[in-house]
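Note sheet for the following structure.
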Amino acid sequence: MKKFITTIKNIFSIEELRFRILTTLGLLLIFRLGSFVVLPGVDPSKLSGKAEGILGLMDTFLGGAFSNASIFGLGIMPYISASIVLQLLTVAVPYFQKLQKEGESGRNKINQYTRVLTIAITIAQAMGYLTATIPGEAVLISRTMFTISSVIILTAGTVFCMWIGERITEKGIGNGISMLIMVGIISRLPASLIGESLSKGMSGALLLIIEFLVLFAVIMGVVMLTVAVRRIPVQYAKQVVGNKVYGGQRQYIPLKVNASGVMPIIFAQSLMFLPAIIAGIWSENSDVASSISRAFADFTTWQYNVSFAILIIVFTFFYTAITVNPNQIADDLKRSGGFIPGIKPGSQTSEYIDNVLSRITLPGSFFLAIVAILPALASIAGVSREFAHFYGGTSLLIMVGVILDTLQQVESFLLMRHYEGMMKSGKVRGRTTGAPVA
């Protein structure tokens, strides 16, 4: 405890770090306050306040702003969608591949394209959001006027959230966009904890303690999955320039066991509501379609979870393949004079890296699938559905990843100022270590 208090004092004794932390907290407070401001012309008492399926996932990320018809009702989700689209384009389109290789100027152009695409996606999603989630009886003004004004306000709200995220990244601590998502998720944790405690009561105190211990073990497992890497040794040839010798040192290529992050779960969840919708069309005339619709409408059924796990495994390999390019890594090594001991540079190096990546991705995909279905298992075991969502899935992976990233930045500031780090080893590893992830 004494070491913890000393570390906190060291953190706030660094002026720049103190400013960044206070800036981050201030911007996050503005983001949370905006999520409670309802769109003009809406009667909040007539809103359902609940969202299911992929809409429920968005509502979780946005801390309830989606279901509350807030001015931040779409939050930074359109920006994330635009970022994913641009990331896929950098793999498939030569023009964007060229921009990615141009360094800082290329990244700035890609960011500009991302912002423009974000506005376009926000306008399209805003129209669907207003039609699908806000009932007619909740609108107090002309529907046409309400739609026009709300699309403008929702678009402005998303742009403002995007600006907040960029300011946190630039002036604050941690990755801004990820911080906004994490705050939205954590905002639901207190209510879930209170609800779970009240439902168990004093008679269920022992069961509640067991639930917390299991949750702690799950969090530790997710931390291990997030930071686990396979290091490939790389040797650099010595170069003599004048009277000086350069190179000759050994380094490592850190390949992450879970290089795809949370994207496979997000992709899989976006598809899992389709079977229920398609089967629901014929459910009145077919008993088979009706049973399929019921099975995939409940996230605790074995049919839902088996399909969910298979999709996650498939998407893990797919997303890893488009984010980690063994050919590019092999070419970069060859240009810089590096080589893997015992492996010839070029195609053999690329094949070796690809084989290693495939071997570590397989267990990583299975572990990711298990983490994704843990909320369903917790719900079946008697945990309330609201609290069960924190036992795994996208929410827990995002929270662990963001916290590790933030701790890594704080650790860097402490070590730069010659303070003792937060850990005895002096090293906190976050998601930024190793292969790139979304």
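Computed from the coordinates by the stated procedures, all read-outs in this text should not be read as laboratory data. In this text the structure is predicted, and so the values were computed from the model without any measurement. Glycine gets a Cβ as well: all are built from the backbone with ideal geometry, and neighbour counts include every protein chain shown.
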Between the alpha carbon centres of the range 154-228 and the range 308-323 the gap in Å comes to 24 Å
The size of the Cβ-based charge dipole (Lys, Arg +1; Asp, Glu -1) of the chain about the Cα centre, to the nearest 20 debye, is 1680 debye
Everything considered on the Cα gyration tensor (a ≥ b ≥ c; rounded for a/c under 1.5, else prolate if a/b is larger than b/c, else oblate), the range 1-187 must be described as oblate
Sorting Pro44, Ile177, Ile14 by the position of each Cα along the dipole of the range 1-187 (Lys, Arg +1; Asp, Glu -1; all at Cβ), the one nearest the positive end of that ordering is Ile14
In the chain, taking the dipole from +1 charges on Lys and Arg beta carbons and -1 charges on Asp and Glu beta carbons about the Cα centre, the listed residue (Ile360, Ser67, Ser350) farthest towards the positive end is Ser350
Any aspartates and glutamates whose Cα falls less than 14 Å from that of Lys9, other than same-chain ones fewer than 8 residues away, would be Glu411, Glu420
Filtering the chain for DSSP H helices with an axial alpha carbon extent of at least 27 Å and a Kyte-Doolittle mean of at least -0.5 returns 15-34, 104-133, 143-171, 205-227, 302-323, 347-380, 393-416
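Suppose every Lys and Arg Cβ carries +1 and every Asp and Glu Cβ carries -1, with no other charges. What dipole size does the range 1-187 come out with about its Cα centre, to the nearest 20 debye?
520 debye
Do me a favour and compute the ellipsoid semi-axes for the chain from its Cα gyration tensor, root of five times each eigenvalue, largest one first, whole Å. If you can, show how the numbers build up before the last one.
Working: eigenvalues 301, 143, 135 Å².
Result for the chain: semi-axes of 39, 27, 26 Å.
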Comparing Phe296, Phe387, Phe96 in a Gaussian network model of the chain (Cα, 10 Å), the one with the largest mean-square fluctuation is Phe96
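Would you calculate, for the chain, the mean residue ellipticity at 222 nm contributed by helices, counting each DSSP H stretch of 4 or more residues as -39,500 (n - 2.57) and dividing by all residues, to the nearest 500?
Working: 18 runs with 292 residues, N = 438.
When only DSSP H runs of four or more count, the value is -22000 deg cm²/dmol.
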Listed by chain and number, the aspartates and glutamates with an alpha carbon less than 17 angstrom from that of Lys200, same-chain partners under 8 positions apart left out, are Glu211, Glu386
For the table Lys101/Lys334; Lys109/Lys171; Lys101/Lys344, the rows whose alpha-carbon distance is greater than 28 Å are none
Once the in-chain neighbours fewer than 8 apart are removed, the aspartates and glutamates whose Cα is under 14 Å from Lys46 read Glu137
